[in-house]
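The values are calculated or read from the model by the stated rules, or taken from the named source; none is laboratory data. Everything numeric here is computed off the predicted structure, so don't read it as measured data. Every residue, glycine among them, receives a Cβ derived from its backbone with ideal geometry; neighbour counts consider all protein chains shown. When the accessible area is computed, the model is the full protein with side chains, heavy atoms only, and any ligands, DNA or RNA have been set aside. Shrake-Rupley method; radii C 1.70, N 1.55, O 1.52, S 1.80 Å.
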Amino acid sequence: MTTPAAPEIAELEEQERRLTLQRFTHDDAWALGTLLVDLAREREAPVAIDIRRGGQQLFHAALPGSTPDNDAWIDRKRRVVERYGCSSLLVGSRFRAKGTTFEESSRLDPDAYAAHGGAFPIAVTGAGVVGTVVVSGLPQVEDHKMVVEALEKFLST
């Protein structure tokens, strides 16, 4: 099985524009988190899921096959979203488009920051980025796609 290629930068930027919410409450975090858990269970995906608003963790789940390393990756990818205000995959893609890597050029500690796919900003109309949703446990593009799929389903309900 081959790992899917990362979406183009323009597509990643469009996802973020399109996946902006009207609000984001504790109940919304629960609904989005359980939607992600359902997707992961259907696929038997060994992932950990984390949703935060501001500095507060509103949802966390570790599915069978996930490990403490997934939680460490969640923290590293989440910090990228918090610092740059866009998805961790988009940040990494922008560095690669400049002919370098995040690790080489960001000047940030790679033990604390990872521009690998799977962390996505929770943006609210009129408020900007208010939180993060992160999946870790699959190849980075698949982590990212699972988050995008869940946000699309969440917005359609």
Segment 29-61 - residue that is surrounded by 21 or more Cβ atoms within 10 Å (Cβ to Cβ) and of a type in the set (V, I, T) and, of those, farthest from L138 (Cα to Cα):
I51
With the structure loaded, tell me whether F154 is aromatic (F, W, Y), open to solvent by less than 40 Å² (accessible area, probe 1.4 Å) and farther than 18 Å from A29 by Cα or whether it fails that test.
no
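Kindly provide the set of residues from segment 130-157 that are of a type outside the set (D, E, K, R), farther than 21 Å from Q56 by Cα and within 13 Å of the chain's Cα centre (by Cα), ordered by number. Outline the logic, then answer.
Of the residues in segment 130-157, the ones of a type outside the set (D, E, K, R) are 130-141, 144, 146-148, 150-151, 154-157.
Next, only the ones that are farther than 21 Å from Q56 by Cα stay: 137-141, 144, 146, 148, 155-157.
Scanning segment 130-157 gives G137, L138, P139, Q140, V141, H144, M146, V148.
Hey, among the residues in segment 112-129 that are open to solvent by less than 40 Å² (accessible area, probe 1.4 Å) and β-branched (V, I, T), which one's farthest from the chain's Cα centre (by Cα)?
Restricting to residues being open to solvent by less than 40 Å² (accessible area, probe 1.4 Å) and β-branched (V, I, T), the top hit is V124.
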Which of the following residues is open to solvent by 50 Å² or more (accessible area, probe 1.4 Å), in contact with a helix residue (DSSP H, G or I) (Cβ under 9 Å, 6 or more places away or on another chain) and either free of Cβ contacts under 8 Å to residues at least 40 places away in the same chain or part of a strand (DSSP E or B) (or both): R83, R94, R107?
R83
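Given the options L155, L58, L89, name the one that is closer than 20 Å to Q22 by Cβ and assigned to a helix (DSSP H, G or I). If you could, list the steps in order and put the result at the bottom.
Numbers: L58 fails: assigned to a helix (DSSP H, G or I); L89 fails: closer than 20 Å to Q22 by Cβ.
It is L155.
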If you check every pair at least six apart or on different chains, which have Cβ atoms under 6 Å apart with a residue in segment 114-127 that is closer than 17 Å to E103 by Cα first and a residue that is surrounded by fewer than 24 Cβ atoms within 10 Å (Cβ to Cβ) and aromatic (F, W, Y) second?
A115/F102
